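The structure appears below as structure tokens.
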Amino acid sequence: QPGISANTLNGETYSRKNPFNATVIDKVKITGRDSDKEVYHVELSLDGSGIAYEPGDSVGILANNPPELVDAILKHSGFEGTESVTIKAGTFSLKDALSEHLEITVINRDVIQKYQDKAGNQKLQEVIESEVRLDQYLYGHDILDLLEEFPFVLSAQELSELLRSFPARLYSISSSQASVGDEVHITVGTVRYSNKGRSRGGACSTYL
């Protein structure tokens, strides 16, 4: 059940901290068997939420990170996943934090710089100092790449502090509430690719 971040016109307000748990009513692949793209029409129930929207609005979906990536990070770092960490959202096991609360599929300059401040890796410093190399590295790489390519021993808490909070993914609404009532429809292009021998995907699109 994806968590939907939105505001009601009256009554309870739903947000990232208080998402509405929307049931998936239907999911239909709308691209052909021979297409290189994987696009789905997804229908979510808003029944009982009181959420109202207009055509052209966006809906925020809170997903879980790919379980295989979470497990690979734990294995590489030598963690059980039961280690307790405290992040902005609260105190969780490391596995729960990586699964539900922290951004691990995408890295940015700030994450890399935080890691470098601890690791002091000369090769990584060379990447940071080159705008071209840094842009190339940011594209298509995740936190596991950083840990594997520039090894440094971190505690569970230090690892969690490197990472950003997992943001909701925004999708344009493709339905009219006047036509579908307590439902919201979105069109989702699933992101899948391979890099350095590892299959990868967009956190929210593959979750959906």
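The values are calculated or read from the model by the stated rules, or taken from the named source; none is laboratory data. If you're wondering where the values come from, they're calculated on a predicted model, not measured in any experiment. A quick note on method: Cβ atoms are made from the backbone with ideal geometry, for glycine too, and the neighbour counts reach across all protein chains shown. These accessible areas exclude ligands, DNA and RNA; they are computed on the full protein's heavy atoms, side chains included. Shrake-Rupley method; radii C 1.70, N 1.55, O 1.52, S 1.80 Å.
Under 17 Å from a point 7 Å along the Cα-to-Cβ line of Ala89: which residues of segment 170-186 have their amide N that close? Residues 170 fall inside that zone. The heavy atoms of Arg109 present about 110 square angstrom of accessible area, all protein chains included, probe 1.4 Å. Report the calculated FRET efficiency for Glu68 and Leu138 (r = Cβ-Cβ distance, R0 = 22 Å), to the nearest 0.05. Working from the Cβ atoms, E equals 0.50.
Students often get this wrong, so check it: of Lys17/Lys114; Lys29/Lys196; Lys17/Lys88; Lys37/Lys75, which have C-alpha atoms separated by over 22 Å? In this structure, Lys17/Lys114; Lys29/Lys196; Lys37/Lys75 lie more than 22 Å apart at Cα.
For the pair Lys118 and Asp57, a Förster radius of 41 Å applied to the C-beta separation gives a FRET efficiency near 0.50, rounded to the nearest 0.05.
Between Phe152 and Val24, the contour length at 0.36 nm per residue exceeds the alpha carbon distance by 42.0 nm. Each residue was assigned an accessible area with a 1.4 Å probe, and for Phe20 the value is about 30 Å².
So, for segment 85-170, what is the accessible surface per residue at a probe of 1.4 Å, expressed in square angstrom? Using a 1.4 Å probe on heavy atoms only, each residue of segment 85-170 averages 50 Å². Assuming 0.36 nm per residue, please report the length gained on full extension of the stretch Asp110 to Val191 beyond their Cα-Cα distance. Result: 26.8 nm gained on full extension.
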